[in-house]
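These notes concern the structure reproduced below.
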Amino acid sequence: MTDSGWILYKRLLGYVKPHWRAFALAIVGFVIYAASSTALAEMMKRLIDGIQNPDAAFRFFLPLFVVIMFAARGLGTFLSTYFMAYVGRYVIHTLRCEVFAHLLHLPGRFFDNHSSGQLVSRVTYHVEQVAGAATNAVTVILREGLFVIGLISYLLWTNWMLTLLFLGVTPIIGVVVNYVSKRFRRISKRIQHSMGDVTHVASEALSGYRVVRTHGAEAYEQQRFERVSEENRRQSMKEAMTRAVSSPVILMLVAISMAFLVWLAMAPALMDNMTPGEFVAFITAAALMIKPVRQLTEINGDIQKGIAAASELFGLLDLTPEQDEGKRIPEKLIGEVVIDNVSFRYADDQPYVLHDISLTVAPGELVAIVGRSGSGKSTLVSLLPRFYRPSKGRILIDDINADDFALGPLRQHIGLVSQQVTLFNATIADNIAYGIANPDRAAIEAAAEAAYASEFIDKLPQGYDTVVGENGVMLSGGQRQRLAIARAIFKNAPILVLDEATSALDTESERYIQKALEYVCKGRTTLVIAHRLSTIERADRILVMEQGRIIEQGTHQALLEAGGAYAALHQLQFQESE
Ligand SMILES: Nc1ncnc2c1ncn2[C@@H]1O[C@H](COP(=O)(O)OP(=O)(O)O)[C@@H](O)[C@H]1O
Ligand SMILES: [Mg+2]
């Protein structure tokens, strides 16, 4: 096994540690199994030797021996099977929960680069592969491995010289196994990746089924799916081929050395020194070796799969979570936000999307941000809850560097309605009070009222207990948006960010929302990104962004009079509504 394989195995063993008692019991089971199986060879010896000169004790002893041996073997099988499964399943459970918990804390950048299908496949498929290595494979290795060791010891004890000759082929077997292992691991990586692709393509096409159908893209998606599934099949067949070839090759090597052994053992000089019983026992023990050797070579594939999957999972666990070294816990923020010379790019190899932004928002101020799509509005506000960090400059909240706050408590103080509304497949009440155990019903209803959502919720047959379907499919766009706003209101945070929260609303509900906003904004610092300018005319200040810069700011009136970019935008929208 290679170095990295060892390191991985050691790390996996770390997960076994808490369950060492069960593991020890399993080992006891393996030892009992191996010992009783080895005894089979000894039994052959007694049988043959006994047949030559039978006596009464022998007649009684041999059947008893058979029963005891199988009883012991049964006990060994039970202990090892049950307790290995016990340990293995715990390892899987722990690993799976750890991977999931880690995913919950990875930075936004990570999710920009990975499809959810690939990630889902890690917590399901990959973890199951590790289960294969951790339970079945370890079981076989320990059980059959100990059996092989038992047999070899017995052989050495019976006739060490012959045994050493017999073992002469082991280095060759080792080379074969080593080569095959590496190949297995390489292929397994590809299989696991292709399984992620399968999940990814399927979930994309299934959740976007409407787009697929309106574009008549069924055939296209089917082809795409067939391609990834075919790749999975091809890689799996390579694995099957390796498996199918390697096992007979190794067995052939064992058989050749067996033949050599028999030939040697029949040499008159050697025959003279052994009783027929000893001779038969020796051959039996050597022959018994074939089954465990076969199983060991076959299980090798599973082990390599598990190692490949484990390396993938450990790689994921080793990714640094969101930086959260800030220690300050905001007690009560008044909500002053200072953006100080902030520039930002999504990655080092990408262009800056924000350039030297400086902005001070007073507590309780309502600031609107407008500008073309792609001008960096969403990016700017995503820096507040620290989904990303400024590449240059800093952000202060209540005069404290946002980085100095602990992440969780900081986010507790920011209400956010993002451009893409996310609803969970739960009741309306649970969606509004998301993340809160036993929420206050009256507060939920008040929030819905303020977001003008109660008007449609009351009309639903089950009211607040209506389940909204995956991502709220049972609701209209405007309804979903109002729920998202209600959720932000319910959170009652001193800083509120609305990213195009009213873009999906019709003119009438938009007017409602406008009123709601006026109510909601009282006593909080609010940043509103708006597409339709009519919604933000009453903002204390309006910023106009273009290509990552703030190019204008002022009140609605002042900006109109200035006759710049805002005035032009306004003119455009005014004409449209005419
Ligand atoms: N996750 C991301 N990774 C890389 N680039 C991004 C990402 N999100 C947005 N961008 C880029 O950043 C720029 C600003 O986008 P955004 O802030 O969403 O604009 P707006 O909200 O004003 O429409 C765009 O050029 C966009 O392509
Ligand atoms: Mg945006």
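Where a number appears in this text, it was derived from the coordinates with a stated rule and is not lab data. Since the structure is predicted, the reported quantities are computational estimates derived from the model, not experimental observations. Here the Cβ positions follow ideal geometry from the backbone for every residue, glycine too, while neighbour counts run over all protein chains shown.
The figures follow:
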quantity: Magnitude of the charge dipole, segment 3-317, Cβ model with Lys/Arg +1 and Asp/Glu -1, debye to 20; calculated: 580 debye
quantity: Normalised contact order of segment 3-317, rounded percent, pairs of Cα under 8 Å and 6 or more residues apart; calculated: 32 percent
quantity: For segment 193-267, average projected area of the Cα convex hull in nm²; calculated: 6.0 nm²
quantity: Nonlocal amide H pairs with Glu552, under 5 Å, H built at 1.01 Å; calculated: Val544
quantity: Calculated FRET efficiency for the pair Trp6/Val249, C-beta based, R₀ 22 Å, to 0.05; calculated: 0.30
quantity: The chain: angle of helix 3-16 to the longest principal axis, Cα-based, in degrees nearest 10; calculated: 80 degrees
quantity: The chain: angle of helix 441-450 to the longest principal axis, Cα-based, in degrees nearest 10; calculated: 50 degrees
quantity: Mean separation of Cα contacts under 8 Å (6+ apart) over length of the chain, as relative contact order %; calculated: 14 percent
quantity: Highest-first arrangement of 277-284, 232-239, 435-442, 68-75, where packing means the average Cβ count within 10 Å; calculated: 277-284, 232-239, 68-75, 435-442
quantity: In Hz, Karplus ³J(HN,Hα) per residue of segment 365-382 (6.51, -1.76, 1.60; θ = phi - 60°; x = Gly, Pro); calculated: 6, 10, 10, 9, 10, 10, x, 4, 6, x, 7, x, 5, 4, 4, 4, 6, 6
quantity: Ranked by how many other beta carbons lie within 10 Å on average, peptides 136-148, 332-344 from highest; calculated: 136-148, 332-344
quantity: Ranking of Tyr464, Tyr209 by count of other Cβ atoms within 10 Å, fewest first; calculated: Tyr209, Tyr464
quantity: Only Lys, Arg (+1) and Asp, Glu (-1) charged, at Cβ; segment 136-202 dipole about Cα centre in debye; calculated: 300 debye
quantity: Cubic angstrom per residue, convex hull over Cα atoms of segment 295-389; calculated: 185 Å³
quantity: Extreme residue, positive dipole direction of the chain, given options Leu251, Gly371, Thr158 (C-beta unit charges); calculated: Thr158
quantity: Exposure proxy ranking, count of Cβ atoms within 10 Å, fewest first, for Met43, Met241; calculated: Met241, Met43
quantity: Built amide H within the under 5 Å cut-off of Val353, gap 5+; calculated: Phe344, Arg345, Tyr346
quantity: Distance histogram in 20 Å bins (all Cα pairs of segment 3-317, percent per bin); calculated: 26, 46, 22, 6, 0
quantity: Residues with amide H under 5 Å from that of Gly393, placed H, sequence gap 5 or more; calculated: Ser343
quantity: Distance from segment 469-541 to segment 364-436 (C-alpha centre basis), Å; calculated: 14 Å
quantity: 0 to 90° range, to nearest 10: angle between helix 56-104 axis and the chain longest Cα axis; calculated: 20 degrees
quantity: Selection from Gly74, Ser454, Ala134, by position along the positive dipole direction of the chain (Cβ); calculated: Gly74
quantity: Rg(Cα)/(2.2 N^0.38 Å) for the chain, N = residue count; calculated: 1.42
quantity: Three-way shape label, segment 77-160, alpha-carbon gyration tensor, a/c 1.5; calculated: prolate
quantity: Peptide ranges 358-369, 113-124 listed from the most packed, as the mean C-beta count within 10 angstrom indicates; calculated: 358-369, 113-124
